[in-house]
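Have a look at the structure below before the remarks.
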Amino acid sequence: MFSNRTTDGSIVRNNIAGIKVAHFRKELRISQRELSDRLNTIGLDIDKNAVQRIESGQRFVTDIELGYLAKIFDVTIEELLRR
């Protein structure tokens, strides 16, 4: 698996949306499994493990996935990318 590391050995996040995804998911009071189920229902084939990797910053997020996530959370893509 691809892993970015800084010179001091700490892991660099592969996305900036993951923190917001976790925040919005927790606001809805749903599990990572339920989020993946909701995404699958609207057409994005993604499993619970991928959601976990997105939230932890271990996985890149595509523009298409950002669109589906924004739809589920009823936010803009910009809100998912805002630090």
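Laboratory data are not the source of any read-out in this text; all were calculated from the coordinates shown. In this text, all values refer to a predicted model and were calculated from it rather than measured experimentally. No Cβ is skipped: glycine too gets one built from the backbone with ideal geometry, and neighbour counts run over all protein chains shown.
Given +1 on the Cβ of Lys and Arg, -1 on the Cβ of Asp and Glu, and no further charges, what dipole in debye does the chain carry about its Cα centre, rounded to the nearest 20? Walk me through the intermediate numbers first.
Details: 14 positive and 12 negative charges, 54 e Å.
Dipole size: approximately 260 debye.
How tilted is helix 18-28 with respect to the longest principal axis of the chain? Cα atoms for both, answer in degrees (0 to 90, nearest 10).
Between helix and principal axis, roughly 30 degrees.
When the helix-only estimate is applied to the chain (DSSP H runs of n ≥ 4, each -39,500 (n - 2.57), divided by the residue count), what is the mean residue ellipticity at 222 nm, nearest 500 deg cm²/dmol? If you can, show how the numbers build up before the last one.
Values: 5 runs with 46 residues, N = 83.
Value at 222 nm, helices only, nearest 500: -16000 deg cm²/dmol.
Just to be sure I understand, if you calculate mean projected area of the Cα convex hull in nm² for this structure, which of (1) 5.6; (2) 13.6; (3) 5.2 do you get?
Comparing each candidate, only (1) matches the computed number.
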